[in-house]
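Participant: Starting off with a structure, shown below.
The values are calculated or read from the model by the stated rules, or taken from the named source; none is laboratory data. All of these numbers come straight from a predicted model, not from anything done at the bench. These accessible areas exclude ligands, DNA and RNA; they are computed on the full protein's heavy atoms, side chains included. Shrake-Rupley method; radii C 1.70, N 1.55, O 1.52, S 1.80 Å.
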Amino acid sequence: MSASLNYKSNLRPTGISDPGYNADAKAVAPGSSELYASDMRCFFAICFSCVVLAGVLRAESPAYVVFVSNERSGDVTVIDGDNDEVVANLMVGKRPRGIHATTDGKRVFVTLSGSPRMAPGVDENRAPADKRADGLGVIDPAARKLIDHWHIGSDPEQFAISRDGKFAFIANEDNASASIVDLDSGQSRGKIKVSEEPEGVGVNPSNGEVYVTCEEKGEVFVIDPDQQRVIAKIDTGGRPRSVAFSPDGSRAYVACENGGYIAVIDARSHKLLSKIQLPTGSLPMGTVVSHDGKELYVSTGRGNAIAIIDTQKNEVSTTIPVGNRAWGIALDPSGTKLYTANGASNDVSVVDLKSRKELRRIKVGDGPWGIAIVGAAK
């Protein structure tokens with residue numbers, strides 16, 4: 001330690017009142033053991049303060065944050081993942097639905113639509129759309145605010161981010177296409193024709209192929225993202241809503257609402273392998289696979305439950321009751337908690353996967369639809 005750190009002195013500065021000053025104190029010679037001990041006490045006190053401060057900062061930064069899109073109220077609810085409490089509500093625009101975060105957690109994107117909510121088959125001329133509201137909202141999760149609105153797509157619903165994180169593939173519900181958007185510039189990079197009422201979009205983690213589920217004819221389209229063309233079409237029937245993949249990309253699981261089943265697809269040969277029937281009353285919507293690939297979690301819509309499927313046996317192992325009309329679904333970073341957006345009860349269910357129990361319900365906005373989870377910055 002340098003002698004310049006010595007803060008003891010037998011010389012009292014003129015004109016300064018120091019209640020801690022001791023005129024009889026002994027001078028401490030530079031390099032002495034007393035000076036070294038004093039300096040070391042100061043050093044350790046500073047270190048301790050830094051450790052305490054770091055702990056406080058960590059306590060203020062949750063391990064993860066949950067973003068919930070609320071279709072009817074036009075906002076996004078933000079939930080602290082440490083205590084499952086609402087910490088913010090962000091107004092984002094009309095009918096926010098599909099919502100996803102970038103891998104680095106620096107941005108959250110949400111689809112917005114000016115098309116009115118209508119049941120399938122309703123005459124659209126009775127309720128004209130506000131096409132100016134269509135697009136992709138850009139959220140800064142750290143600042144917790146909407147920072148941009150890209151006018152991309154037509155009645156965009158669900159979307160997925162490419163394997164390299166550079167593009168979004170967006171299902172345009174009202175014009176039977178999938179748009180490709182550059183996530184750096186917000187510019188369109190192409191549009192691929194599929195079939196009527198595209199909704200779910202998923203990216204195979206193994207090869208980057210993009211799957212788009214199309215509700216009206218019960219079809220799933222497989223897109224080569226580099227060539228921007230359809231390379232396969234798979235008939236699943238049952239009004240397919242969403243798609244999830246096994247971690248190795250060998251299997252795709254498609255939630256088929258009207259059929260009440262999960263279509264299992266060989267993602268290498270693009271062939272339908274089997275259908276897993278869900279409990280009576282299930283209207284499967286959202287899908288997510290466990291980190292180890294051993295389980296598939298399915299929200300059952302008006303079935304008001306989560307169905308858990310053993311992916312080795314291809315059968316339902318159990319169901320867990322949650323809120324009303326469970327829709328969007330997401331896993332926390334540890335893979336131990338599941339969140340569901342319950343569109344009719346206006347809340348989010350938190351499910352503990354070890355105990356197979358719903359822990360609590362969190363009140364959010366009106367018509368919760370999708371869920372995205374952002375991990376803590378590293």
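Participant: Can you tell me the Rg and the Dmax, both Å, for the Cα atoms in the stretch 230-378?
Facilitator: 14.8, 44
Participant: Over the Cα atoms of the stretch 90-218, how large are the radius of gyration and the largest Cα-Cα distance (Dmax), in Å?
Facilitator: According to the Cα coordinates of the stretch 90-218, Rg and Dmax are 14.3, 44 Å.
Participant: Give me the distance between the Cα centres of the stretch 289-318 and the stretch 206-282, rounded to whole Å.
Facilitator: Computed from Cα coordinates, the inter-centre distance equals 16 Å.
Participant: Rounded to the nearest percent, how much of the accessible area of the stretch 138-187 (1.4 Å probe, protein heavy atoms only) is carbon and sulfur?
Facilitator: Ligands and nucleic acids excluded, carbon and sulfur give 43 percent.
Participant: Sticking with this structure for a sec: Give me a comma-separated list of calculated 3J(HN,Hα) values for the stretch 288-294, in order, Karplus coefficients 6.51, -1.76, 1.60 applied at θ = phi - 60°, integers in Hz, x for any Gly or Pro.
Facilitator: Each residue of the stretch 288-294 in turn: 8, 9, 4, 4, 8, x, 7 Hz.
Participant: In terms of solvent-accessible area of protein heavy atoms at a 1.4 angstrom probe, what is the ranking of GLU173, GLU216, GLU71, highest value first?
Facilitator: Numbers: GLU173 45, GLU216 110, GLU71 15 Å².
Highest to lowest solvent-accessible surface, that is GLU216, GLU173, GLU71.
Participant: While we're here: Over the stretch 169-280, what relative contact order in percent results from Cα pairs under 8 Å that are six or more residues apart?
Facilitator: 16 percent
Participant: Do the alpha carbons of any pairs in LYS217/LYS294; LYS166/LYS233; LYS94/LYS145; LYS94/LYS193; LYS191/LYS337 sit beyond 27 Å of each other, and which pairs? Spell out each step's value before the answer.
Facilitator: Working: LYS217/LYS294 30 Å; LYS166/LYS233 25 Å; LYS94/LYS145 16 Å; LYS94/LYS193 25 Å; LYS191/LYS337 36 Å.
Beyond 27 Å: LYS217/LYS294; LYS191/LYS337.
Participant: Report in % the part of the accessible area of the stretch 311-378 that belongs to carbon and sulfur, leaving out ligands and nucleic acids; probe 1.4 Å.
Facilitator: Of the solvent-accessible surface of the stretch 311-378, carbon and sulfur hold 46 percent.
Participant: Can you give the translational diffusion coefficient of the stretch 240-317 in µm²/s, computed by Stokes-Einstein from the Kirkwood radius over Cα pairs at 37 °C and 0.692 mPa s? Mind showing how you got there, number by number?
Facilitator: On the way: Rh = 12.0 Å.
In µm²/s, the coefficient rounds to 273.
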